[in-house]
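Structure, as structure tokens:
The values are calculated or read from the model by the stated rules, or taken from the named source; none is laboratory data. It should be emphasised that the depicted structure is a prediction, and the values quoted were computed from it without experimental measurement. Note that each Cβ is placed from the backbone with ideal geometry, even for glycine, and that neighbours are counted across all protein chains shown.
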Amino acid sequence: MITKEEILEIATLSKLYVSEEKLDDLTKAMGDILAFADTINAAGAQAEEYEGLEGLSNVFREDEVLPSYPAEEILQNAGGGENGYFPVKKRK
Amino acid sequence: MSGMIKTIGGLLRQKKVSCAELTQAYLDGIAKDNSTLNAYVRVTADRALETAGAVDRKIAAGEPLSLLEGIPMTLKDNISTRGIETTCCSRILKGYTPIYDATVWQTLQKQNAVLLGKTNMDEFAMGSSCETSCFGGAANPFDTGHVAGGSSGGGASAVGGNLAVYALGSDTGGSIRQPAGFCGLVGLKPTYGAVSRFGLIAYASSLDQIGPICKTVSDAAAVFETISDRDPMDSTSVGRKESVLAQLEQKPDSLTIGVVKEYFHGVEPQVETALQEAVRTYEKLGAKIVELSMPAISYALPVYYILACAEASSNLGRYDGIRYGYRAEHYNSIHEMICKTRSEGFGPEVQRRILLGSYVLSAGYYDAYYKKAQNLRGAVIRGFEETFAQCDVILAPTVPMTAFPKGFAEQDQVQTYQTDICTVPVNIAGIPALSMPCGYDRKGLPIGMQLIANRFEEKKLLQTAFLFEQEMAGEIYRKTEWGCRQYA
């Protein structure tokens with residue numbers, strides 16, 4: 001069973017805050033979801049049999065330089081930016 | 001059934017209706033019914049009328065129209081549209097306006113497709129009822145107390161409610177087929193790689209695929225034929241541009257339909273009865289029916305949720321509030337800004353899936369969950385390969401039940417996940433499948449039938465579906481408001 005401490009650790013890795021009042025409910029919900037995910041263990045050793053079966057291969061192409069999107073347009077989604085950069089507040 | 005696209009295209013070419021009048025009729029429909037259906041989250045009236053004007057000028061000049069030219073349609077809110085806000089129905093992308101178009105939208109714009117607006121969806125396509133949308137869920141046109149399904153619920157609600165001729169949705173674990181099934185429509189999830197995903201905001205990249213939601217098989221064939229192509233911007237696109245529509249009416253030379261028993265576990269009796277009836281219809285039409293077993297189906301659901309959430313936790317790492325979308329107001333450090341932005345911007349279901357994904361990818365649990373799920377993905381792929389050695393097309397339910405009442409999905413996440421049991425195996429294997437109506441339950445809600453084919457066999461899939469539609473048209477479509485408002 002997943003513990004509250006594990007939830008908080010995973011939340012830190014995921015860059016999410018979990019408030020104290022939501023922690024109990026979230027721990028229960030995650031426990032239920034993981035119990036459901038655990039049902040793959042019913043497959044037992046069968047899983048090993050299929051290791052690498054997908055036979056996936058990477059697709060490569062020649063690197064080609066094409067025009068990029070204009071920086072000004074990209075910055076429009078960040079309030080126009082400041083001096084061509086994405087602004088964030090200075091640490092106090 | 002000749003399909004709405006052909007019918008409406010004919011009316012435009014014969015000048016029985018102008019594209020501007022047609023578009024205005026749909027916009028009026030949206031103004032009247034969208035407050036009830038909540039299918040659209042953004043209506044692009046000016047742009048739609050502008051395109052319609054261009055189509056009318058072409059008609060006046062006697063220029064020929066392409067297949068989808070002038071046909072009013074919608075895009076799911078996770079398909080990037082240059083200059084039109086695209087939010088994935090998430091607070092975190094509020095205000096985000098893409099500076100480029102998804103390849104599918106580029107293709108459709110070249111054909112003067114009339115974009116009526118962007119449609120509602122579960123937040124980041126994570127859900128089966130459309131209710132995780134930050135705009136609230138979309139209603140089922142058959143009974144507005146029931147959901148339209150998810151995640152492409154807005155598209156299905158719009159097409160089912162006659163507020164668009166067709167919709168483009170995306171299907172990661174059933175998000176085109178399930179809402180199509182719930183709303184009595186034809187929804188096609190193409191083979192992984194058949195349609196470019198460039199500009200589709202990612203949920204789970206190894207599973208996501210764009211496809212159409214329409215009223216008829218012929219409409220689905222027309223849209224699929226147009227959008228399926230190789231795209232250098234999507235390295236997973238394979239693109240086998242082939243003409244499907246012209247050969248739609250050809251009966252497959254021989255047709256063996258597989259009925260896989262595992263697909264029928266826990267299916268509601270009314271749904272099972274309708275599907276048995278569909279099997280008998282195919283038998284009557286000359287198909288050979290074989291009963292098969294595919295044990296790997298029983299692992300498909302946890303495999304799907306583990307892989308999808310793992311990929312989502314990585315894909316959604318990009319939302320940090322710095323470059324686009326929502327940013328938390330008060331913070332003392334960059335780290336705090338990112339954490340606050342994500343905690344305030346993502347809804348609870350998205351947060352749960354990110355947490356699950358981070359968990360199954362973390363050092364202590366990677367082998368127990370992610371690696372095992374990847375291996376079992378191989379078992380599902382092998383299972384389908386063996387099944388397709390014995391049949392051409394698999395017939396299965398789309399969902400074990402008809403549309404849920406509103407609020408059902410919020411009560412129990414795991415129970416809701418389990419309703420995806422019939423749709424997720426297809427995404428795991430990357431094969432094509434469609435949902436089409438095959439009957440109604442006692443409440444009058446549509447029952448979806450799922451047809452599944454092997455990789456890149458969309459033509460056979462659509463031909464098989466067309467055969468059934470021709471046979472059943474009068475019966476199945478008696479309750480759908482066939483036609484385009486006053487014009488068809």
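Which one of these does residue B:141 not meet: (1) out of contact with any Ser or Thr (no Cβ under 9 Å at 6 or more places or on another chain); (2) farther than 12 Å from residue B:89 by Cα? For residue B:141, the failing item is (1). The requirement of being of a type in the set (A, V, I, L, M, F, W, C), buried (at least 17 other Cβ atoms within 10 Å of the Cβ), within 25 Å of residue A:13 (Cα to Cα) and out of contact with any Asp or Glu (no Cβ under 7 Å at 6 or more places or on another chain) is fulfilled somewhere in region B:297-305, by at least one residue. Here residue B:332 passes the criteria (1) at pLDDT below 95; (2) closer than 29 Å to residue B:200 by Cα except the one numbered (2). Which of the residues that make up region B:319-334 are of a type in the set (Lys, Arg) and either under 15 Å from residue A:74 (Cα atoms) or more than 32 Å from the chain's Cα centre (by Cα) (or both)? Across region B:319-334, the qualifying residue is only B:323. Hey, does region B:317-337 have a residue that's in contact with a Pro (Cβ under 8 Å, 6 or more places away or on another chain) and either surrounded by 14 or more Cβ atoms within 10 Å (Cβ to Cβ) or of a type outside the set (A, V, I, L, M, F, W, C) (or both)? Within region B:317-337, none of the residues are in contact with a Pro (Cβ under 8 Å, 6 or more places away or on another chain) and either surrounded by 14 or more Cβ atoms within 10 Å (Cβ to Cβ) or of a type outside the set (A, V, I, L, M, F, W, C) (or both). Exactly one residue out of B:288, B:340, B:372 is modelled with pLDDT of 95 or more, of a type in the set (Lys, Arg) and crowded, with 19+ Cβ neighbours inside 10 Å: that is B:340.
Only one of B:2, B:66, B:18 is of a type in the set (Gly, Ala, Ser), at negative phi and in contact with a Ser or Thr (Cβ under 8 Å, 6 or more places away or on another chain); which? Just a single option satisfies the conditions, and that option is B:2. Kindly check whether there is at least one residue in region B:159-171 that is more than 15 Å from the chain's Cα centre (by Cα), of a type outside the set (Lys, Arg) and surrounded by 24 or more Cβ atoms within 10 Å (Cβ to Cβ). Checking region B:159-171: at least one residue is more than 15 Å from the chain's Cα centre (by Cα), of a type outside the set (Lys, Arg) and surrounded by 24 or more Cβ atoms within 10 Å (Cβ to Cβ). The number of residues in region B:358-416 that are among the hydroxyl-bearing types (Ser, Thr, Tyr) and at the interface with another protein chain (Cβ under 8 Å from one of its Cβ atoms) comes to 4. Under the condition of being surrounded by fewer than 24 Cβ atoms within 10 Å (Cβ to Cβ), over 21 Å from the mean Cα position of the chain (by Cα) and touching a residue at least 60 places away in the same chain (Cβ under 8 Å), the residues counted in region B:70-100 number 6. Among the residues of region B:39-69, write down those that are touching a residue at least 60 places away in the same chain (Cβ under 8 Å) and of a type outside the set (Gly, Ala, Ser). Across region B:39-69, the qualifying residues are B:40, B:41, B:42, B:43, B:44, B:47, B:51, B:67, B:68, B:69. Condition check: in a loop (DSSP other than H, G, I, E, B), at pLDDT 95 or above and facing chain A (nearest Cβ under 8 Å). Does residue B:324 satisfy that? So residue B:324 passes the test.
Put simply, of B:314, B:293 the only residue that is free of Cβ contacts under 8 Å to residues at least 60 places away in the same chain, more than 10 Å from every other protein chain (Cβ to nearest Cβ) and within 24 Å of the chain's Cα centre (by Cα) is B:314. Looking at region A:1-22 only, could you name the residues that are more than 12 Å from every other protein chain (Cβ to nearest Cβ), under 20 Å from residue B:328 (Cβ atoms) and surrounded by 11 or more Cβ atoms within 10 Å (Cβ to Cβ)? The answer is none; no residue qualifies.
Given (1) farther than 23 Å from residue B:384 by Cβ; (2) crowded, with 24+ Cβ neighbours inside 10 Å, identify the lone condition not met by residue B:210. Among (1) farther than 23 Å from residue B:384 by Cβ; (2) crowded, with 24+ Cβ neighbours inside 10 Å, residue B:210 violates only (1).
Every residue, every condition in (1) aliphatic (A, V, I, L, M); (2) more than 16 Å from residue B:91 (Cα to Cα); (3) within 26 Å of the chain's Cα centre (by Cα), yes or no:
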site	(1), (2), (3)
B:344	no, no, no
B:356	yes, yes, yes
B:360	yes, yes, no
B:369	no, yes, no
B:379	yes, yes, yes
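Checking every residue in region A:16-25 against the condition of being within 17 Å of the chain's Cα centre (by Cα), in a helix (DSSP H, G or I) and within 30 Å of residue B:298 (Cβ to Cβ) gives zero matches. Within the option set B:27, B:11, being under 30 Å from residue B:136 (Cα atoms) and in a helix (DSSP H, G or I) holds for one residue only, B:27. Residue B:159 satisfies every condition listed in (1) part of a helix (DSSP H, G or I); (2) closer than 20 Å to residue B:124 by Cα; (3) not acidic (Asp, Glu) except (2). Scanning region A:65-92 for residues that are within 9 Å of another protein chain (Cβ to nearest Cβ) and among the acidic types (Asp, Glu) turns up just one, A:73.
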